[in-house]
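What follows draws every value from the coordinates through simple rules; no lab data is involved. Keep in mind it's a predicted model, so treat the numbers as computed, not measured. Note that we place each Cβ from the backbone using ideal geometry, even for glycine, and neighbour counts take in every protein chain shown.
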Amino acid sequence: TESLTHEVIARRQEFRCAYTGRPVRRKNWSLDHVIPKSRGGSSSWDNLVIADREVNSRKGDRTPAEAGLQLLHKPRPPRRLVPVEDIRNRFGILFREWEPFVK
């Protein structure tokens, strides 16, 4: 499994807010503990999501239900996918047999 970072969590969610599903830019996202740390929530794959900063601010130190929010997908560790960079050779040229799959 990959390291637990903001970037990997955002990628896992396809750079979308966990509550609204809207695309969110890096400068507008914030890391959210679904179950707040103050309530015993952990900093784990199952409890961390990326949320729009405004949505997360509105959620505050509450659970999604208490804040009137609903997670669109249950957070879990990302599946291991082969990044496009691993498919390219050391000269940056895409291997021909992979061309149909990465365009």
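For segment 1-70, with only Lys/Arg (+1) and Asp/Glu (-1) charged at the beta-carbon, what is the dipole magnitude about the Cα centre, in debye rounded to 20? Don't jump to the answer; show the numbers that get you there.
Numbers: 13 positive and 9 negative charges, 49 e Å.
Dipole about the Cα centre, nearest 20: 240 debye.
At 0.36 nm per residue, and after removing the present C-alpha to C-alpha distance, how many nm does the segment from PHE15 to GLU54 gain when stretched out fully?
12.5 nm
Pull out a ≥ b ≥ c, the square roots of the eigenvalues of the alpha-carbon gyration tensor of segment 1-77, then state rounded if a/c is under 1.5, prolate if not and a/b is larger than b/c, and oblate in the remaining case.
It comes out oblate by the Cα gyration axes.
Taking the simple approach of a point 7 Å from Cα along Cα-to-Cβ for both ARG26 and LYS74, what is their distance in nm?
It works out to 3.2 nm between the two label points.
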